[in-house]
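Q: Structure below; questions to follow.
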Amino acid sequence: MARYHADLHLHSTASDGTDAPADVVRRAAAKGLRAMALTDHDTVAGIAEAQAAGAELGVEVIAGVELTCYAGKREVHMLGYGVNPRSKALRVHCERFQTARIGRAREIGKRLAAAGAPINMDQVMASADGGVVGRPHIAKALLAAGHVASWQEAFDRFLADNAPANVPKLLITPRQCIDVIREAGGIAVMAHPGLNNQLDLIPLLREAGCEGIEVWHSNHDEHTTYRLQVMALEQGLLATGGSDCHGEMKDGGPLLGDWGLGKAGWEKVEKALRDRKDTPHYARR
Ligand code: AMP
Ligand code: FE
Ligand code: FE
Ligand code: ZN
């Protein structure tokens, strides 16, 4: 018996995960999950493959995405659930960010060189392998070059949001970001509010059209999870959860299916997706 019913935050090689979309679904099935969402950064390129594998393996695969926006200087991640992968608004948005990310990776490379930690940018782009390039690919290159001893050290010293080599992506507002998700027919959910302590932003995001918060996440301690549960209840927000597993990318964890939703929690999310009259593409099997 699996501990969880659904893991709604997963990455694949379409962005900065290490497993192909179908392999992510295989792992979910092996773990006993009944549902999952593929939530790659700024792309829905892995959705079709994941849903095909899900249909075969009996895992319901929600079309998801994880987008970035900025509340002032603070980077906020928004999950979109039940998005239409063919949405033009979403495609245009993702293409803009994918392009910006390439320039940004090069800029981060320059800053690293200036900080005495040069990396091979060709290697970074090769490890993204046509997928959306992100800081984890750069962390990997820092490790390969021997500038750091762990993935986490790469972030702590160079790449974290406030670290010297980080460069913002496109500076869009939460409302712009949420509008894209809604226009694509999706439900906007704030990702990992406990990461960088962003609980204070929840009312503002709700005002901008955010309909849920990620309560259960590999980075949330017990106290944060509890506070988020209360906030979801009090503010009428959907409570979601997931591991944010990137495969083998991060120092051995977090692991797929070790965080997520039980059956009752999943059913609430499923109902919210089903209830959306403006999401005709969300067909219930
Ligand atoms: P990017 O999309 O390029 O901004 O990279 C974001 C990814 O980097 C996240 O999904 C995490 O996997 C990772 N990340 C961001 N900040 C940190 C941090 N402080 N510590 C560890 N990993 C992080
Ligand atoms: Fe990531
Ligand atoms: Fe995130
Ligand atoms: Zn994520």
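The values are calculated or read from the model by the stated rules, or taken from the named source; none is laboratory data. Note that this is a predicted model, so its numbers are computed, not measured. Quick reminder, even Gly has a Cβ in these numbers, built from the backbone with ideal geometry, and neighbours come from all protein chains shown. Please note that ligands, DNA and RNA were not included when accessible areas were found on the heavy atoms of the full protein model with its side chains. Shrake-Rupley method; radii C 1.70, N 1.55, O 1.52, S 1.80 Å.
Q: When the residues of the range 203-218 are filtered to those that are hydrophobic (A, V, I, L, M, F, W, C) and part of a strand (DSSP E or B), which remaining residue is nearest to ILE187 (Cα to Cα)? It would help to see each step written out before you state the result.
A: Looking only at the range 203-218, we keep the residues that are hydrophobic (A, V, I, L, M, F, W, C), and these are 204-205, 208, 210, 213, 215-216.
Narrowing further to those that are part of a strand (DSSP E or B): 213, 215-216.
Values: ILE213: 11, VAL215: 15, TRP216: 17 Å.
Step by step, filter the range 203-218, then rank; the result is ILE213.
Q: Can you go through ILE102, ILE119, ILE108 and tell me which one is away from ligand 4 (no atom under 16 Å from the Cβ) and in a loop (DSSP other than H, G, I, E, B)?
A: Sole residue among the options that is away from ligand 4 (no atom under 16 Å from the Cβ) and in a loop (DSSP other than H, G, I, E, B): ILE119.
Q: Follow-up. Which condition does ILE138 not pass, out of (1) within 19 Å of GLU248 (Cβ to Cβ); (2) without any contact (Cβ under 8 Å) to a residue 40 or more places away in the chain; (3) in contact with a Lys or Arg (Cβ under 7 Å, 6 or more places away or on another chain), if it passes all the others?
A: Unmet condition: (3).
Q: Specify which of the listed residues (GLU207, GLU211) is out of contact with any Lys or Arg (no Cβ under 7 Å at 6 or more places or on another chain) and farther than 21 Å from VAL269 by Cβ. Give the steps one after another, and end with the answer.
A: Working: GLU211 fails: farther than 21 Å from VAL269 by Cβ.
The unique qualifying residue is GLU207.
Q: Also: Within the range 124-145, count every residue that is hydrophobic (A, V, I, L, M, F, W, C), open to solvent by 20 Å² or more (accessible area, probe 1.4 Å) and within 15 Å of ligand 4 (Cβ to nearest atom).
A: Number satisfying all stated conditions: 0.
Q: Listed residues ALA149, ALA139; which is more than 10 Å from ligand 1 (Cβ to nearest atom) and not assigned by TED's automatic domain parsing to the domain that holds ASP19? Full working, then the answer.
A: Working: ALA139 fails: more than 10 Å from ligand 1 (Cβ to nearest atom).
Step by step, each of ALA149, ALA139 is checked, and only ALA149 is more than 10 Å from ligand 1 (Cβ to nearest atom) and not assigned by TED's automatic domain parsing to the domain that holds ASP19.
The rows are residues; the columns are (1) of a type outside the set (S, T, N, Q); (2) more than 16 Å from ligand 1 (Cβ to nearest atom); (3) within 15 Å of CYS245 (Cβ to Cβ); (4) at pLDDT below 95.
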residue	(1), (2), (3), (4)
MET1	yes, yes, no, yes
ALA28	yes, yes, yes, no
LEU38	yes, no, yes, no
VAL44	yes, no, no, no
LEU57	yes, yes, no, no
LEU79	yes, no, yes, no
GLY82	yes, yes, no, no
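Q: I want to confirm something. Restricting to the range 259-284 and keeping residues that are touching a Gly at 6+ places or on another chain (Cβ under 6 Å) and at pLDDT below 95, which single residue is nearest to GLY247 (Cα to Cα)?
A: Per the criteria, the residue is TYR282.
Q: Looking at the range 211-231, which of the residues that are in contact (Cβ under 8 Å) with a residue 40 or more places away in the chain, within 16 Å of ligand 3 (Cβ to nearest atom) and open to solvent by 10 Å² or more (accessible area, probe 1.4 Å) is nearest to HIS5 (Cα to Cα)? I'd like the intermediate steps shown before the answer.
A: Residues of the range 211-231 in contact (Cβ under 8 Å) with a residue 40 or more places away in the chain: 211-212, 214, 216-218.
Okay, now just the ones that are also within 16 Å of ligand 3 (Cβ to nearest atom), so 212, 214, 216-218.
Those still in the list that are open to solvent by 10 Å² or more (accessible area, probe 1.4 Å) too: 216, 218.
On the way: TRP216: 13, SER218: 16 Å.
My answer is TRP216.
For (1) within 16 Å of ligand 2 (Cβ to nearest atom); (2) on the phi > 0 side of the Ramachandran plot, each residue gets a yes or a no:
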{"site": "TYR4", "(1), (2)": "no, no"}
{"site": "ALA14", "(1), (2)": "yes, no"}
{"site": "ASP23", "(1), (2)": "no, no"}
{"site": "ALA35", "(1), (2)": "no, no"}
{"site": "THR39", "(1), (2)": "yes, no"}
{"site": "ASP42", "(1), (2)": "yes, yes"}
{"site": "ALA52", "(1), (2)": "no, no"}
{"site": "GLU60", "(1), (2)": "no, no"}
{"site": "GLY80", "(1), (2)": "yes, no"}
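Q: Go through the range 50-86 residue by residue and tally those that are open to solvent by 10 Å² or more (accessible area, probe 1.4 Å), assigned to a loop (DSSP other than H, G, I, E, B), farther than 27 Å from ASN196 by Cβ and out of contact with any His (no Cβ under 7 Å at 6 or more places or on another chain).
A: Residues in the range 50-86 being open to solvent by 10 Å² or more (accessible area, probe 1.4 Å), assigned to a loop (DSSP other than H, G, I, E, B), farther than 27 Å from ASN196 by Cβ and out of contact with any His (no Cβ under 7 Å at 6 or more places or on another chain): 3 in total.
Q: Does THR240 meet the test of being open to solvent by 20 Å² or more (accessible area, probe 1.4 Å) and among the polar types (S, T, N, Q)?
A: Considered against the rule, which asks whether it is open to solvent by 20 Å² or more (accessible area, probe 1.4 Å) and among the polar types (S, T, N, Q), THR240 comes out as no.
Q: Let me ask something else. Just one of (1) modelled with pLDDT of 95 or more; (2) among the charged types (D, E, K, R); (3) more than 12 Å from ligand 2 (Cβ to nearest atom) trips up GLU66, so point out which.
A: (3)
Q: Does GLY130 meet the test of being modelled with pLDDT under 95, away from ligand 3 (no atom under 16 Å from the Cβ) and not in a helix (DSSP H, G or I)? Full working, then the answer.
A: On the way: modelled with pLDDT under 95: yes; away from ligand 3 (no atom under 16 Å from the Cβ): yes; not in a helix (DSSP H, G or I): yes.
Answer is yes for this residue.
Q: Being open to solvent by 10 Å² or more (accessible area, probe 1.4 Å), within 13 Å of ligand 4 (Cβ to nearest atom) and outside any loop (DSSP other than H, G, I, E, B) is the filter here; which residues of the range 1-49 pass it?
A: Scanning the range 1-49 gives a single hit, HIS41.
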